[in-house]
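Written out below as structure tokens is the structure these notes cover.
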Amino acid sequence: MTQVAERGFWHPKIEVAKWDYKTLKSNGLFDAASVRPEDGGLTGGQLLAAGVKPDDCFEDEGNILLTAGITRLLNLLTVAGGQGYNAANARIGAGNGTTAVVIGNTDLSAAAGAANRYFQLVSGAPGVATNVVTFVSTFATGDGNFAWEEWGIDAGSSSGTTVTAPLLNRKVVAMGTKASGASWTITSTITIS
């Protein structure tokens, strides 16, 4: 009799598309009253649709699915309660903390306050295609201006600096330093197989 090993794979990827102040200004997007990034920002999709290519792009793979995130997913699977990660209740957080990830993490490791961490509400409903879910958040010119050293997804319902339980996943990776005047869009795709 042959034994079959059963495994599940959690494979997240991120892409951070970066637009700096000079690019936004030269395309007339920073000062236009109807699309001012400082009033909420354009999404990466809107910037691309307007023909504005990112100045830089960062890509990375992998992170850890955390105990609290696993518990939430299982509770949703068994209809045991809990809020799902949807357009009104999902955020991507970035922080400048570099403490190693452990499965029991419930927050980013960055110190409190907007100078160290920021969770941005997703831009529309997370998309599901077969076994892949995609989350997208755009950090406007005044948000998340620090060295991006870690990221994760939580279940918050508005943008801010405090984690909202549960934190689904987390990874420590140097993504660059976002400065005031820049708009960055982070896209996280998670494949489960």
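Remark: pairs (first residue in segment 1-26, surrounded by 12 or more Cβ atoms within 10 Å (Cβ to Cβ); second residue modelled with pLDDT under 75; Cβ separation under 8 Å; 6+ apart in sequence or on different chains) = TYR21/PHE30; LEU24/PHE30; LEU24/PRO37; LYS25/ASP31.
For VAL122, only one of the following conditions fails: (1) of a type in the set (A, V, I, L, M, F, W, C); (2) farther than 27 Å from PRO54 by Cα; (3) under 10 Å from the mean Cα position of the chain (by Cα). What is its number? Failing condition for VAL122: (2). Those residues that are assigned to a loop (DSSP other than H, G, I, E, B), of a type in the set (A, V, I, L, M, F, W, C), modelled with pLDDT under 95 and buried (at least 19 other Cβ atoms within 10 Å of the Cβ), I need them from segment 37-82; list them, please. Passing the criteria: LEU42, VAL52.
Taking segment 162-189 as the range and being over 17 Å from SER109 (Cβ atoms) and touching a Ser or Thr at 6+ places or on another chain (Cβ under 8 Å) as the test, the residues that pass are SER180, GLY181, ALA182, SER183, TRP184, THR185, ILE186, THR187, SER188, THR189. Can you name every residue in segment 119-157 that is more than 23 Å from THR67 (Cα to Cα) and polar (S, T, N, Q)? If the condition is that a residue be more than 23 Å from THR67 (Cα to Cα) and polar (S, T, N, Q), then SER123, THR130, SER137, THR138, THR141, ASN145 are the ones that fit. Could you say which residue among PHE135, PHE119 is out of contact with any helix residue (DSSP H, G or I) (no Cβ under 7 Å at 6 or more places or on another chain), within 15 Å of ASN63 (Cα to Cα) and free of Cβ contacts under 8 Å to residues at least 60 places away in the same chain? So the residue among PHE135, PHE119 that is out of contact with any helix residue (DSSP H, G or I) (no Cβ under 7 Å at 6 or more places or on another chain), within 15 Å of ASN63 (Cα to Cα) and free of Cβ contacts under 8 Å to residues at least 60 places away in the same chain is PHE135.
Within segment 122-132, the set of residues being hydroxyl-bearing (Ser, Thr, Tyr) and free of Cβ contacts under 8 Å to residues at least 12 places away in the same chain comprises just one member, THR130.
The values are calculated or read from the model by the stated rules, or taken from the named source; none is laboratory data. Fair warning: this is a prediction, and the values are worked out from it, not measured in the lab. So basically every Cβ, Gly included, is an ideal-geometry build from the backbone, and we count neighbours across all protein chains shown.
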